[in-house]
1. Kindly check whether there is at least one residue in segment 188-204 that is open to solvent by 40 Å² or more (accessible area, probe 1.4 Å), out of contact with any Ser or Thr (no Cβ under 6 Å at 6 or more places or on another chain) and not in a helix (DSSP H, G or I).
2. Among the numbered conditions (1) open to solvent by 20 Å² or more (accessible area, probe 1.4 Å); (2) closer than 25 Å to TRP41 by Cα; (3) touching a residue at least 40 places away in the same chain (Cβ under 8 Å); (4) not hydroxyl-bearing (Ser, Thr, Tyr), tell me where PRO127 comes up short.
3. When ARG134 is evaluated against the numbered criteria (1) touching a helix residue (DSSP H, G or I) at 6+ places or on another chain (Cβ under 9 Å); (2) in contact (Cβ under 8 Å) with a residue 60 or more places away in the chain; (3) open to solvent by 70 Å² or more (accessible area, probe 1.4 Å), which criterion, by number, is the only one it fails?
4. Would you tally the residues in segment 1-12 being open to solvent by 20 Å² or more (accessible area, probe 1.4 Å) and in contact with a Leu (Cβ under 6 Å, 6 or more places away or on another chain)?
5. Filtering segment 90-119 down to residues that are touching a helix residue (DSSP H, G or I) at 6+ places or on another chain (Cβ under 8 Å) and of a type in the set (Lys, Arg), which residue is surrounded by the most Cβ atoms within 10 Å (Cβ to Cβ)?
6. Of the conditions (1) in a loop (DSSP other than H, G, I, E, B); (2) surrounded by fewer than 16 Cβ atoms within 10 Å (Cβ to Cβ); (3) at pLDDT below 95, ASP143 fails just one. Which one is it?
7. Residues that are in contact (Cβ under 8 Å) with a residue 60 or more places away in the chain and surrounded by 20 or more Cβ atoms within 10 Å (Cβ to Cβ): does segment 52-69 have at least one?
8. Of the residues that make up segment 79-89, is at least one closer than 23 Å to ASN49 by Cα, open to solvent by less than 30 Å² (accessible area, probe 1.4 Å), assigned to a helix (DSSP H, G or I) and hydrophobic (A, V, I, L, M, F, W, C)?
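The values are calculated or read from the model by the stated rules, or taken from the named source; none is laboratory data. Model, not experiment: these values are computed from the prediction. Cβ: placed from backbone, ideal geometry, glycine included. Neighbour counts: every protein chain shown. Accessible surface areas use protein heavy atoms only, side chains included; no ligands, DNA or RNA. Shrake-Rupley method; radii C 1.70, N 1.55, O 1.52, S 1.80 Å.
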Amino acid sequence: MRTILCFGDSNTWGHDPETGERFPRDVRWPGRLQAALGDEWCVVEEGLNGRTATLDSPLADGKNGLAYLQPCLDSHAPLDAVLIALGTNDLAERYGLTATDVARAAARLASVVARSEAGVGGGPPLPILVCPPRVGDATWAEDWAGAPAKSALLPERFRAVAEEGGFDLIDLGEVTRFSDLDGIHLDAAGHAAVAEHVERSLRRLF
């Protein structure tokens, strides 16, 4: 059995942009991915609302992905692959990051995975960077005013850091974008598109 860790934010957790509630497991993309891959794979959901790649939130505790990643890897070892599905929350103005910073922060997490011993036989799992889709056409509050411009640059920036680090990359912008309801969350159709895209990528890699 292959074990895949989905390390992400509220879009991995399954935040519904219409209701604010959590989508059922069979709607959110990790659950759909598990169903598509079948019993020979185990998909581990590790989604957290508000999670960033490497920074502490000024609004809530425990949102720094870097601080939790190594314990998370050790908890779920042995792992075959780790999907680093972060970067959307890092677009907020409160963090002051450029699009390049966002991509480099995600790549820093991929490097942690690549140096870890959380894989099969004590080796590293395969780190896979997942570039967020473009934000939706929402009405943006002050703390997200720069998100659309930075979001448009993410595919290029993620591609650059993936090539530099030798990481595999899955670009979600190839198949979907975030809902126009709030601009930063997947709707049910988006979750379905992400699951299908990730499944194809994993089958190609493995």
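1. Looking for residues that are open to solvent by 40 Å² or more (accessible area, probe 1.4 Å), out of contact with any Ser or Thr (no Cβ under 6 Å at 6 or more places or on another chain) and not in a helix (DSSP H, G or I), one finds none in segment 188-204, hence no.
2. Every listed condition holds for PRO127 apart from (1).
3. (2)
4. Within segment 1-12, residues that are open to solvent by 20 Å² or more (accessible area, probe 1.4 Å) and in contact with a Leu (Cβ under 6 Å, 6 or more places away or on another chain) number 1.
5. Here the answer is ARG104.
6. Unmet for ASP143, out of (1) in a loop (DSSP other than H, G, I, E, B); (2) surrounded by fewer than 16 Cβ atoms within 10 Å (Cβ to Cβ); (3) at pLDDT below 95: (1).
7. Yes, segment 52-69 contains at least one residue that is in contact (Cβ under 8 Å) with a residue 60 or more places away in the chain and surrounded by 20 or more Cβ atoms within 10 Å (Cβ to Cβ).
8. The answer is no, given that none of the residues of segment 79-89 is closer than 23 Å to ASN49 by Cα, open to solvent by less than 30 Å² (accessible area, probe 1.4 Å), assigned to a helix (DSSP H, G or I) and hydrophobic (A, V, I, L, M, F, W, C).
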